[in-house]
Every structure is written in C-alpha cells, then in structure tokens.
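Step one of this worksheet: look at the structure below.
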6 protein chains.
Amino acid sequence: MRIKIINPNTCKEMTESIAKVVVNYAAPGTEIVVTNPKSGPFTIDSLYDEALSLKGVLEEIKSGIADKYDGFIIACFNDPGLFAARELSIAPVVGIAEASFFAACMLGYRFSILSNLNSEEAAMWELVKRYGIESRCASVRPAGVEVLDCENDRTAVKNALIQAGRLAIKKDRAEVLCLGCAGMVNLDKDLEIELGVPVIDPVVAALKAIEGLISCGKKTSKILSFRLPKSKDS
Amino acid sequence: MRIKIINPNTCKEMTESIAKVVVNYAAPGTEIVVTNPKSGPFTIDSLYDEALSLKGVLEEIKSGIADKYDGFIIACFNDPGLFAARELSIAPVVGIAEASFFAACMLGYRFSILSNLNSEEAAMWELVKRYGIESRCASVRPAGVEVLDCENDRTAVKNALIQAGRLAIKKDRAEVLCLGCAGMVNLDKDLEIELGVPVIDPVVAALKAIEGLISCGKKTSKILSFRLPKSKDS
Amino acid sequence: MRIKIINPNTCKEMTESIAKVVVNYAAPGTEIVVTNPKSGPFTIDSLYDEALSLKGVLEEIKSGIADKYDGFIIACFNDPGLFAARELSIAPVVGIAEASFFAACMLGYRFSILSNLNSEEAAMWELVKRYGIESRCASVRPAGVEVLDCENDRTAVKNALIQAGRLAIKKDRAEVLCLGCAGMVNLDKDLEIELGVPVIDPVVAALKAIEGLISCGKKTSKILSFRLPKSKDS
Amino acid sequence: MRIKIINPNTCKEMTESIAKVVVNYAAPGTEIVVTNPKSGPFTIDSLYDEALSLKGVLEEIKSGIADKYDGFIIACFNDPGLFAARELSIAPVVGIAEASFFAACMLGYRFSILSNLNSEEAAMWELVKRYGIESRCASVRPAGVEVLDCENDRTAVKNALIQAGRLAIKKDRAEVLCLGCAGMVNLDKDLEIELGVPVIDPVVAALKAIEGLISCGKKTSKILSFRLPKSKDS
Amino acid sequence: MRIKIINPNTCKEMTESIAKVVVNYAAPGTEIVVTNPKSGPFTIDSLYDEALSLKGVLEEIKSGIADKYDGFIIACFNDPGLFAARELSIAPVVGIAEASFFAACMLGYRFSILSNLNSEEAAMWELVKRYGIESRCASVRPAGVEVLDCENDRTAVKNALIQAGRLAIKKDRAEVLCLGCAGMVNLDKDLEIELGVPVIDPVVAALKAIEGLISCGKKTSKILSFRLPKSKDS
Amino acid sequence: MRIKIINPNTCKEMTESIAKVVVNYAAPGTEIVVTNPKSGPFTIDSLYDEALSLKGVLEEIKSGIADKYDGFIIACFNDPGLFAARELSIAPVVGIAEASFFAACMLGYRFSILSNLNSEEAAMWELVKRYGIESRCASVRPAGVEVLDCENDRTAVKNALIQAGRLAIKKDRAEVLCLGCAGMVNLDKDLEIELGVPVIDPVVAALKAIEGLISCGKKTSKILSFRLPKSKDS
C-alpha cells in the first residue's frame, strides 16, 4: 500500500521531521512518501496562511492521484482542503485533526486540543463542529508557540505543551490530549510520561486511520458531497 | 462610504450582473465597486473550485485595504475566505450567505436555502453551523442548476427555483427563502410574487449589512480569532 | 422611510435619550419616531415587568400599523412581544437583542452580552437560544446595574460595564460585546476606546437592520408562524 | 393542599370543563380551584392572544399568593407567563406543556405534540427548546382545530386528533402523544384506545406534578432567575 | 396503588434507609415495598459495578411484574437498566436521576448534580444527554464520597455535599441541586436550610413521579423502543 | 500484537462467522482470538438481552486482561459494556458501532445505520449521541431482520439490507452505510456493488481501529471516567 502525506506548508525541515517519525509507525508493506507543495506559505499560523496553502495541497493531491497512491494524509492540524481533496480523490483522504479526534474518543471520555496560538481557538472549534463531536471536546488550550518554534526549539515547545496539558487536565477535566500541530510530531511519548494521560500524535493517528481504510478496501463516497468536480479551465 | 464587492469567480458577466443590480439598492452616499480576481476558477461549482478561488479573493481584499475601502463583501454563497479576510481587514467584511441568513431570521421563523446543485448540501449545512443557526434553517433545496446557468438561462433557472421553493414551503415548512448563489441576483421579486413568501437576494442583504456596520463605525475585532496575520514571504 | 421605535417601558427620559442618539445614525431619508406605551411598568427589571409591558408594546404596534409606518423596532433587550408583533405587522419588526447579536457575529467569532442584573442571565440565554446562535455567545456578564441607573448615573454604569467587559474578554474570550439594555444607549464608543473591541449599541444595530430590510422591500412572512391573528373581542 | 389552576383565557366554559375533569384526578386531601382572569382574550389562538393574556394570568397568581395557595398551574399549552409567575411566587408553579413533556419522557422514547393550528409549530418548538428536550420531541402535528372547537365540537376535534396522532406515530415514530391544548382535556383515554399509545392530558399531568412538588415540600428557587421582582408602581 | 422500589445494590442497610424515608412521603393509599437483588455488587461506585447490577435489577422487575405491582422505581442515580426495564414492563418504570432532573427543572432554571466521586462525571453527563436536558444542567459537582460513606458517616457526607453545593451555586450558577446518589436520602432538608436553594431527594422525586403516572392510568408505550422482548432461553 | 474479539452473545456460529472473516483483514503480526461468554443470551435483540450480556462480556474482558491481550473488541453493535470494559482495562477497548461511525465519517459527509429491527432506533441514536456525532448521522434504517436471521438466511438479509440502504441513500441522503449488527459481517462488498456507496463492516472497522491504537502504543486514559474500579466482593 502506498500513502502520500502532504505537509501543506513549504518548510522542508518539517516535512523531513514528519518523514523521520512516521516511518517508525508504518505497518509492514506500507510505503510512505512525505512531501510539501512547491509554493505556498512557509508555515501556517493563521487562516490567511491556511487559505494560501490550499492550491498547493490540491495540486499535490492531483499529482498523487496520477501517481496512483492508495490514500492521502493532509498533515496540518487545520485539515486544509480536506473536503475539496475528497472531491478530487476516489482513494481515501484523512486529515490529521479528524483522525486524532477519533483516536482520542476511543481512549477517554473528553479530550483537549493543545494548539499553537490562542488566536486559533475559533478555528479549532470550527473543526470540532465540522466533525460533529463538540460534546467530547473539553477545551482548546494554546501553548503559545508558533509553528516554526516546533522545529527550532523543541525543549521550549515541550515545556509549553506540558504546562498547557496540565491546565487541560486540571481545569477542563480532559482525559486525553491531542497535539494540535503537525510540527509537534514525536512529542507524544514525552508528554505521556510527564502528564500520565494518552497524548495523540495527529500524524501518526492519521497514518493508522488511512492504513485501516485502505486495508479493508474502502473508498471515498462519490454520490453527493464529494462527487468528482467537473474539470474546467481555470 | 466606499464598498468593494468581490465576485470570487472570474466570470466577468456575473460581476457585471451584480453591479447592475446593487446600484439600485445603494444608500445615498454609498459608492460601490464590483470586481473579480484576475485569475481563478471561471465559476464555483464545487469545494475544489472554492478552494482555488481563495488566493484571488484575498488579493482583492489586500488591494482593497490599500485602496482604503470602508468595507468588503464576498459575493459567493460559500462565503469563500470570509474568516481569512477578517484577519486581513480592520474594515468589516460580510459574506453573502451569512447576511442572508440573518435577514431571513428577522422575517420568519425558519428559512430554506435554494442552492444550485444537490452536491452542495453538506457545504451549505457547514455554513449554517458556522454561523450557529442550525435551528432556524428548515432545509437546503437544490434547484439543479449550475452557476453559469444563472447567467445564460434566466427563465429556466427561475422556474427551477420556483419549484424548489414550493417544496421548501410545503414539505419543510420554510417561511422565508434564501437564494443560494450570487448568480441568482435580481430574481427575488419574481419569486416573491410567485411564492408569497419573502425571498432574500443575498448580495443585496450583504450590501445592507455592510452599510449598516460602516455607518455606525464598527470594525472587525482584532483581539483573538481575527488578529492581523504576521506578514511572511510566501 | 418612516420607522417607529417603541421603548416598552414608560420612562419618558429613556425614550428621549434613545431619540437623541438614533437621530445621528439615521440614513438620509429615514424619519424616526421614538415613543413609549401610555401605561405599563416604568422600567423593565424582571420577567414580570416584561410581561406587563406587552399590552402596551402591541398597542403601539397596532397604532403604528394604522399610521402606515414602514417598520418597527422594539427597544428593550428582552425583545418583549417581538414574535407577537410579527403576527400583527406586515412591515418588518426588529428586536434590539436580535439585531445586536447578528451585528456582533459579523465582527468577531464570539460575543458576550453585558446585562444589567445577574438575575437576567437565564432570560438572556433564552433569547440567544430563540435566535439559534448559542455557539457564538461566549457569556452573559451582568454589570450589576438597574435599568434606571442607566438614566441617572451614567458614569457609574459606564465603569461597571467596563469592568464586566474586561471579564468577558479575559475569562470568556469574547471578541465583541453587546450592550444588553436600551438604556445603555450611546456608551458604545467610550467602551470601545477603553476595551479595544467592537461594542454594539443595540438600538443603533436595530435601526440599521430595519433600514436594510425596508430599503430592499422585505416584509414579514405571513404563511405560518406569523400569520395575521384573527381579530376577536377581548 | 390547595392548588389554584389558572385558565389564561376568559372562556368560562373551558374553565368549567377543566374543573370537571381534574376533580377526578386529585389526590385525597387536594383542594383545587380552577379560575380564569377577569379580562383578556376569550381564547388563545395566536402569540398575540398569548401576550394579551399575561396581565390577567399574573394577577391571578398575585391574588393566589395572597390567598396562600400551595401551588399554581397555568393551564394553557403555551405556558404563558410561567417564568414571570415563578418570579412572583415562592410556592411552585407548573406549566401544562412542561409537565406533559416530562410525563411523556417517562413513558416512551420520543413524543409528539398534537397542536391546534399549524401556525403554532414555531411556538411549540420554542417551548420544547426552553425546557431543553429537543432530542425527545419527534414532531409537532397540528390537528387543524381552533381552541373554541374543543369546547363546541368534541367529535370533530377527537377525529382530527386521531388522524394527527396516526401521522405522528407512523411518519415521525412518536411513541407517546401530548394533547397540545388545555381545551383537549379528557380526550386522552379515547385516543389511547384508538391509537394504542400513551396520550398525555396536560392539565392532569400538571396536577400530578404540582401535587408531587408540594407534597415533598419543594419551593421555587429564589436565588437567580426567579428572584422576587422589586415592587414598583406601574 | 402498589409500588416496588428496587435498590440495585445488595447493601440491605441502604434498602432499609430508603424504606424508612419514603414511607413519610407516600400518598394515602400508596403501598411501597423497597427491596434489593439477591446477588450483585454490594455498592455501585463504578460503571463496572453498575453493569454487574443489571441482572439483579431486571430479575426484581420480572418478579414484580408477576406480583402485579402498579409501578417500579430503580433507586440508583445511574438509573441502571431503566430502558431494559421499560421493555419488560407495561406498568411505568421511573429512574431516580430522571425524576430528579425533571423536578429540578420545574423549580429553577439550571440545576447541578452533587455526585459521589469525580470519576462519575462522564456517566452523569451521559444520563443528562439521554434525558435530553443538557441545556438545563449547570454542572456535576463531586462531593468526593463513596456510596458506603452515605450509610456510615452521615455528617461527613452532609458537610461534603454542602461544600460541593456552594461551589455549584457560586461558580456554576446552579439554582437547584440534585442529590446524586440514593444513599444521600433524607439529606435534602438540611442542605436546603444551609444553602437556601431547593435540593431534590431523587428517591422521593421518583416516588412522586410514579404515583402521578399511575394515578392517571398511564402505561409504558409498547410500540417501538420499549416493545416487549421475545422470551428466549438464555 | 494479540487481540481478543468478544462476541457478546452465546451463538457459537456467529463467533465462528466473525472469526472466519476477520482473519482476512488482520495486519501481518496480528493474532486474533474470537470468543463468546459461557452464558448469557443466545442473541441480542433487545435492551433486555443486552443488559443480560454484560456480565459475560466483562468476564471475558477480565480473563483477557489476565491473558495479557494487547486490545479488545466488543463485537455487538450496541457496544454493550464498552465504558465498563474501559474501566477494567488499561489496554484499549473498541466498540464496533463506535469504530464504524468514525470510519464512515472519513469517507462521506453523512452516514446511515442499517439496523436489524425498528425497535432499535432509539438505542442506535443513544449510541450516536454518546459518541457525539449526531450531526453526521443521516438516519437509522431498520432492515426488519433478527440477529439470528443473519446466520440462517443470508440472501434474505442481504436483500433486506439493500432495500434499507436504497431508502437511506434516496430519502435521507446518506453517503455511507454502516452495517448495524456483527452478524451482518462480510456483506459489505456485495452491498457496495449493489448500492455504489461505501459500506462499513463494523467488526472489520473495529479491528483496524484497535490495531492502529495498539501499534502506536496508546492505552486507555485512567485519570477520571475510566479509572480502575476498586475490587469488591460481589
């Protein structure tokens, strides 16, 4: 099975960080390519950045369809372009926020999202509402870090996440935590030791979700919402 | 007061149709420019088209900010890029779906959306959820028409809308109807005569909403969700 | 266009205060009358007061219909009698709470209501639920002031509102504030300067909403919920 | 224990019909007075009628407090003035809609309301939302009868209710039915025989609810929402 | 009328405590038997305990049906087996959580549940969701006591409940409190004196609810969800 | 990795049918045991049957913990005992309803459940509410078959499911279908061919979900809701 993971920003270091981690989690027989668009925002720290990333993400989906990948992962916690990608692709497409929410729900009653910045709270709740599970989300707790910090200063980011996680557990009664940025990849184990609750690495959760869907032969539904768009000159 | 209306697709005929209608509704002293991005999808018939329109929409917002417009309207019923535009702009930005829902709520208990295609139902409900008013939306009723039909075959579109509207009233007990596409501009009066309920032209509703906000001096909140994004090379 | 604004209590000073402010916001060509019922509670500080105000409000609506007004505003933040008034009137009727919520939603992600007394919280949430937008309302924050204080001690009221607003912003992450009483008219600008977020004057928001509806020729839907009531001797 | 049942309209025949029925359901030791306001609408067929009934209802509550009744029932399915009455009274006050919904929830999974007119659907859903139980309400099914018909043409009303009930059971999968008007008193047994599901007489349900609250010594909470209103000259 | 109250655990002292209290609240003519299963968990402090109690509870329902009781109460705040019991029984069955929520809703706007342990919060919210009334529940406040403490150390339990109740009133703005364990029986009056708000004893609330349903001749609906299960050898 | 799948009923044929299918979907290195309790209901066709199955299910969980399984699946669409099993087990436990809902949500916008009997609709909605995703569930469509039919008359069951699926797609606009019974195992491919939409085999979906959780080392959260229950003599 061949899976294409798309990092929606153009920060190659992040693409490589993701690649280094996911390889350890791939099932036998899973072949993974991690890539990023040729152009677009260097990191995604706002809805404006997210909007500008969509063209690149969808081009990666289109080239991945031509290359006959069996499934796709969009590896930014805003799940940018997820529904549009599902229109384009018959092979399944999974967003890392979506996959991490569902994993969290199977491990505890309520989860919190540890996000980068407090400006993202509304966007996070929009995601939770889109996937329908408001009643299972305890809170969004910003760690106060930018996406790039995740690459550049791992220790500071880890400490900020531990602090945010503690508040989520104590004040919001979260039982599971979701790392709210693809750049936080591979911090789950350290946080679990520190905080004593399951912590979801969203890219890994998405990898397991897409492997599952592919291995039982499931495809994206094409009858209504995710019907193939008519091609048009644009 | 100077308002910039952005038609997110690149179909100039639609831009002109909108311009022709809104001028009749402008308050004394309101100066309106209707425009469309230089590049992007010719019409928006899918989430994929919508995603590709965002870059152009936001460029129009940015140039509009430079030109010191007092407010902006995004004139496609998916409200593409609305929240990202609010990040960029201190002047208020209104989406035509949003404005039409609020107008509908002030005229009747439940409204229905008359959309173009049945593939759009999920996207319409996502909008309704985003603005929070699920309990006031009776249904989404597709007229089975593409965006371009709205320009090319007005009579067929009008008849399809009348039929969809009848079902919304009879089966879903809608009391108000929202025209679910900027291309349906100027059909509201004909439908009102035919169907006997208020019918909202979303571009006109948005015009009245933005005029209202501007005339009492209101600006977009800049403290959390719609904070100005950091500039970065992209 | 002729608009009748009904202050549901019988405090003439408040009627005059409202009149003095709204005149500054009226569009060219808008003619406004602000009035109050001949009898009824002097101020509305409870649900009991609100209930007793209904008869007077609806008599003002009826005489306004006879006088062929183009639209009506009910200028108390409980929106007393709004749905009953919509039964009576073909011309649109707008409540100040309703209008301020919709304005707030176009300026930020979540809004808080600054109410008079903490006993009103349930009533405020009932309003929010009625208009459907629970998910956009961050909180109700009482300023601890009675309606009459708004007339008699502007400085104290302003200070109490600033304090309540600070809590709403800091604790509840409100991005926009709605002044929850018609008596708080004209305090929006001062609070905006102090607090740095948009503050909605509900009477002004309602004025802009009704002007918008009238200027595009919209009427109240008469087919189901707001059908004209049969006349009967009572 | 002494209970005052207030019929909010001024139709004495209905007051008497209620009185005749409830006496059969009173617990030993329960003394019931059924009464109606001296003035107000003859029947309540609209929100306008309901609004006009409030003054009379609350006067009956006030005189009932002076007369030291142990509890009050507001016997119109709109529960007019219920929350305002709870402000006035320390003794518990029950609305017949509220009580019938709770009874229905203890007998089946989903209930439908058999209302008088289809114009009332919005008002019925507002009630359901106010009491919080949207997810348990299958539908509102109008019988197409006016309040007065309930007094004047019992057979026609019964047949219309049977027909509406059949639709609720078959189309909406209701398992319990609530008679949506105090005037439908005493029709529950006939409908149960015909339809094979529990049918709630709302006045009787309210009687049992208030008897229960009184007999375990419960009072209305006075700390926030239903605090005693300050007396004022009105 | 003959009512069977089933204490789902096998702690006879608790069964007797319940019996001693309810007898004071029974209406004239009500005959009550309080009993517990022959085997099963000694107390119910977890979902695991609750699961193990079901067999015993349903055997008590079955023998009670054979003994022609007119109604049943399941006297543990998890309402264990309530829906299954409704399948078995034509006579009405009431859970003590359900009955206390409905009583609370008739006395104030929002109620809080005072539970035993903080591990139960999720289970309590599941109950609230099942009965549909999330919007009326302010919070679940654990007193930090085990079920058995309720029998063994009344003073400590009372003090812990007072403290939890104070937080519910002050922080969560609860207006009514529900005692969240059958073992807390008879503490309502003391808490009312201390806290100044209505406090619901759930067993007593259930007694009044079942008396009400029986005395107006209501039965469990048998058409869909609570259809009689086919007998099978198990 | 060693996984224990528990069929909660005592029908060995069904246990074997499940075993035969899941082996084809196991990842390399996954060792699966499918088993059923020694005593309990032969099939689960009611909430009463479900209640009686819990003891056996939880005994299988306990013996599975002693046998050091890495994860558990409860293979009945009611997810009987799921939350109680999560209390007992540190290793993850997945219910087949839960897993199929999440898989469905990643393949289409709205899913329908094809259940056995129409009496189960309430129970299905309770499950959907428990997992939080009401807004993504289009409908529950009963096929009108009993659990045992799934073993004995595959063709009839398949045809009934096709018919129910067609209604779900056409009337409720479902885009994905979930087979609502473990006995419907292995019918997904046939239905997909016939209906043209993804059809989820819930046991297979749960297998993929648990494999995913185990392979990234996730455990059940033990801090609040699913804390280990105290052992007690019962």
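Can you pull out every residue in the range E:141-176 that is over 17 Å from residue E:191 (Cα atoms) and among the β-branched types (Val, Ile, Thr)? Hit for the range E:141-176 is E:147, nothing else. In the range B:163-187, what count of residues is obtained for those that are among the aliphatic types (A, V, I, L, M) and surrounded by fewer than 18 Cβ atoms within 10 Å (Cβ to Cβ)? Summing the residues that are among the aliphatic types (A, V, I, L, M) and surrounded by fewer than 18 Cβ atoms within 10 Å (Cβ to Cβ) in the range B:163-187 gives 1. So which of D:30, D:35, D:43 is closer than 26 Å to residue C:81 by Cβ and more than 11 Å from chain C (Cβ to nearest Cβ)? Among D:30, D:35, D:43, only D:35 is closer than 26 Å to residue C:81 by Cβ and more than 11 Å from chain C (Cβ to nearest Cβ). Counting only residues that are under 23 Å from residue B:149 (Cα atoms) and either more than 9 Å from every other protein chain (Cβ to nearest Cβ) or touching a residue at least 60 places away in the same chain (Cβ under 8 Å) (or both), the range B:171-189 holds 11 of them. Inside the range E:137-162, residues that are modelled with pLDDT under 95, assigned to a helix (DSSP H, G or I) and among the charged types (D, E, K, R) make up a count of 3.
Which residue is nearest to the other protein chains (Cβ to nearest Cβ), if the candidates are limited to the range A:52-71 and must be under 20 Å from residue B:86 (Cα atoms) and touching a residue at least 24 places away in the same chain (Cβ under 8 Å)? If we take residues in the range A:52-71 being under 20 Å from residue B:86 (Cα atoms) and touching a residue at least 24 places away in the same chain (Cβ under 8 Å), then A:54 is nearest to the other protein chains (Cβ to nearest Cβ). The residues of the range B:173-215 that are part of a strand (DSSP E or B) and closer than 19 Å to residue B:74 by Cα, listed by number, are B:178, B:179, B:200. Looking only at residues in the range D:97-110 that are over 30 Å from residue D:232 (Cβ atoms) and more than 7 Å from every other protein chain (Cβ to nearest Cβ), which one is surrounded by the fewest Cβ atoms within 10 Å (Cβ to Cβ)? Per the stated criteria, the residue is D:110. Taking residue D:125 as meeting all but one of (1) more than 21 Å from residue D:208 (Cβ to Cβ); (2) touching a residue at least 40 places away in the same chain (Cβ under 8 Å); (3) under 16 Å from the mean Cα position of the chain (by Cα), write down the number of the exception. The one condition residue D:125 does not meet is (2). Among the residues of the range E:192-230, those that are free of Cβ contacts under 8 Å to residues at least 60 places away in the same chain, more than 7 Å from chain D (Cβ to nearest Cβ) and over 21 Å from residue F:122 (Cβ atoms) comprise E:192, E:193, E:194, E:195, E:199, E:217.
Given the criterion touching a strand residue (DSSP E or B) at 6+ places or on another chain (Cβ under 7 Å), outside the structural domain of residue C:110 (by TED's automatic domain parsing) and either surrounded by fewer than 16 Cβ atoms within 10 Å (Cβ to Cβ) or part of a loop (DSSP other than H, G, I, E, B) (or both), identify the matching residue among C:231, C:221, C:225. Sole residue among the options that is touching a strand residue (DSSP E or B) at 6+ places or on another chain (Cβ under 7 Å), outside the structural domain of residue C:110 (by TED's automatic domain parsing) and either surrounded by fewer than 16 Cβ atoms within 10 Å (Cβ to Cβ) or part of a loop (DSSP other than H, G, I, E, B) (or both): C:221.
So how many residues does the range E:1-23 have that are more than 25 Å from residue D:213 (Cβ to Cβ), more than 14 Å from chain F (Cβ to nearest Cβ) and touching a helix residue (DSSP H, G or I) at 6+ places or on another chain (Cβ under 8 Å)?
Result for the range E:1-23: 2.
Against the test of being within 26 Å of residue E:224 (Cα to Cα) and at pLDDT 95 or above, the options D:195, D:213, D:207 yield a single qualifying residue, D:195.
Only one of the numbered conditions (1) more than 17 Å from residue D:78 (Cα to Cα); (2) surrounded by 21 or more Cβ atoms within 10 Å (Cβ to Cβ); (3) of a type in the set (A, V, I, L, M, F, W, C) is not met by residue D:113, and that is (1).
Conditions tested, residue by residue: (1) without any contact (Cβ under 8 Å) to a residue 60 or more places away in the chain; (2) more than 8 Å from every other protein chain (Cβ to nearest Cβ); (3) aliphatic (A, V, I, L, M); (4) over 21 Å from residue E:173 (Cβ atoms).
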site	(1), (2), (3), (4)
E:73	no, yes, yes, yes
E:80	no, yes, no, yes
E:114	no, yes, yes, no
E:155	yes, yes, no, yes
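Considering the conditions (1) of a type in the set (Phe, Trp, Tyr); (2) farther than 29 Å from residue B:12 by Cβ; (3) buried (at least 23 other Cβ atoms within 10 Å of the Cβ), residue B:125 is excluded by exactly one of them, (3). Residues in the range D:27-51 that are surrounded by fewer than 24 Cβ atoms within 10 Å (Cβ to Cβ) and among the hydrophobic types (A, V, I, L, M, F, W, C): D:27, D:32, D:33, D:34, D:42. Of the residues F:144, F:132, which single one is out of contact with any Phe, Trp or Tyr (no Cβ under 7 Å at 6 or more places or on another chain), within 14 Å of chain E (Cβ to nearest Cβ) and buried (at least 20 other Cβ atoms within 10 Å of the Cβ)? Among F:144, F:132, only F:132 is out of contact with any Phe, Trp or Tyr (no Cβ under 7 Å at 6 or more places or on another chain), within 14 Å of chain E (Cβ to nearest Cβ) and buried (at least 20 other Cβ atoms within 10 Å of the Cβ).
The values are calculated or read from the model by the stated rules, or taken from the named source; none is laboratory data. Nothing here was measured: the structure is a model prediction, and the numbers come from that model. As a convention, Cβ positions derive from the backbone with ideal geometry for all residues, glycine included, and neighbour counts pool all protein chains shown.
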